[in-house]
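> Sharing a structure with you now.
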Amino acid sequence: MSQLVLENLTKAYSRKVVPVKNLSLSVEDQEFLTLVGPSGCGKSTILRVIAGLEQATEGKVIINGQDVNPLPPKERNIAMVFQSYALYPHMTVYDNIASGLKLRNLPSGEIQKRIQDASKVLGLDPLMDRRPSQLSGGQRQRVALGRALVREPDAFLLDEPLSNLDALLREQVRADLKQIFERQKSPVVYVTHDQTEAMTLSTKVAVLSEGYLQQLGSPNEIYKTPANRFVAGFIGSPQMNLIEVEQVGGAVLLGDFKIQLPEAARSHGTLVMGLRPEHVRLPEAGDTQTIRGDVFLVENLGMSDLVSLRVHGDDDLVLRSLIPADATWSRENLELAIPPQSIHWFTTDTGARIE
């Protein structure tokens, strides 16, 4: 059984440059943790500290109960897959995959068996005699994965492995990754800026901002109950509507329209109201909270239209809604329903969620 634990991890390059700040989390066997956040939030630095390519300033990296901070990368039994693949250009696919095992002086029979097992999973059998220059981007990525899988490490680290692939290939390889790592037992830590990858691949997601952990939870928890305004705005596509509002007698006003506040939010004077576009919908029988506005932009997303409207009574207030492409609706004066259970409330000072 493998376990990766980060305890109060901090990485500082100078007093002003601190990309990782007091991070604590754990990844267990058969868990797939994705680190997600905007550029510069510390994702790749965390991975490099775990791998030993960077030294932690404070805190511990613990693998299977052992603090590995004093150990060099080669002694940590970690397999890392890089964004750039990092394949040896003069070696065949077989030799690229075997290179790490040969350095560990494994018997040739064991090396061959591990490569055969990984090749079946990754579909590399026809490519074994080719060199990296003769492979497509997706094939190179599979070879890099194969080199990691055959090591049978205590933890897998993947640093934006799909970012160099085109959109269609990225979707295919993402599906392959999910199936491959569902068969693995070792913890996986995956870095991406793509929230679709984070939501589809992970059993746990860590959302980071400016070096701090904002929320750690399952993809479902992150989406349904974002811990703060940052997480709410970062997770979800299209982005959540976030509107600063003032309380008036247990309700808030959106232009000419009144939205009732839950009891927990009534002690706050000014709040941030969060509404995902997919939850702002055409009215149905029994809806009690609706608004109207003038449509000024329609973006065709295929299965749905992303509609932007200016709410009546406040021309500066823009609300976006996802409407099914086959729905019938007015492209001028549009009425939309706001189900109370779909609204998220946050404080304006700290951005914390109001339960």
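Read-outs: derived from the displayed coordinates by stated rules, not from any lab. Since this is a predicted model, take the numbers as computed values, not measurements. No Cβ is skipped: glycine too gets one built from the backbone with ideal geometry, and neighbour counts run over all protein chains shown.
> Sort out for me the Cα centre separation of region 16-79 from region 283-322, rounded to whole Å.
Distance between centres, Cα-based: 43 Å.
> OK, next. Is the shape of region 1-89 best called rounded, prolate or oblate, per the rule: a/c under 1.5 gives rounded, else a/b larger than b/c gives prolate, else oblate, with a ≥ b ≥ c the square roots of the Cα gyration tensor eigenvalues?
rounded
> What GluC sites (Glu not before Pro) in region 252-351 are in a loop by DSSP, with at most 13 other Cβ atoms within 10 Å of the Cβ?
Numbers: sites: 263, 278, 284, 299, 332, 335; in loops: 284, 332.
Loop-located and lightly packed - 284, 332.
> Count the net charge of all other residues whose Cβ sits under 10 Å from the Cβ of residue 98, scoring Lys and Arg as +1 and Asp and Glu as -1.
+2
> Taking the Cβ of residue 148 as the center, what net charge do the other residues with Cβ under 15 Å away carry, scoring Lys and Arg +1 and Asp and Glu -1?
+4
> Can I ask one more? Any idea what the relative contact order of the chain is, in percent, if you count C-alpha pairs under 8 Å spaced at least 6 apart?
Relative contact order of the chain: 16 percent.
> Provide the FRET efficiency to the nearest 0.05 for the residue 298-residue 67 pair, computing r from the beta carbons and using R0 = 56 Å.
It comes out at approximately 0.50.
> Longest exposed-loop-site-free stretch of the chain, with trypsin sites (Lys or Arg not before Pro), DSSP loop and at most 14 other Cβ within 10 Å?
Answer from the scan: 186-330.
> Among (i) 1.06; (ii) 0.97; (iii) 0.99, which is the computed Rg/Rh (Cα atoms, Kirkwood Rh)?
Given (i) 1.06; (ii) 0.97; (iii) 0.99, the structure-derived one carries the label (i).
> Still on this structure, I have one more. To the nearest 10 degrees, how steep is helix 108-122 against the longest Cα principal axis of the chain, on a 0 to 90 scale?
So the inclination is approximately 30 degrees.
> Relative to the longest principal axis of the C-alpha atoms of the chain, give the angle of the C-alpha long axis of helix 167-182, reported between 0 and 90° and rounded to the nearest 10°.
Computed tilt is about 70 degrees.
> Spin-label point model (7 Å from Cα, Cβ direction): what's the residue 332 to residue 10 distance in nm?
6.2
> May I ask you to compute the full-extension gain from residue 29 to residue 185, defined as 0.36 nm times their residue separation minus their alpha-carbon distance, rounded to one decimal in nm?
55.6 nm
> Could you list 199, 128 so that the one with the fewest beta carbons within 10 Å of its beta carbon is first and the one with the most is last?
The most exposed by this proxy come first: 128, 199.
> For region 241-347, calculate the relative contact order in percent as a whole number, restricting contacts to Cα pairs under 8 Å that are 6 or more residues apart.
Contact order relative to length: 32 percent.
> Before anything else, pin down the relative contact order of region 77-144: Cα pairs under 8 Å, at least 6 apart, normalised by residue count, whole percent. Provide the component values of the computation, followed by the final result.
On the way: 47 pairs, mean separation 35.9, N = 68.
Across region 77-144, relative contact order equals 53 percent.
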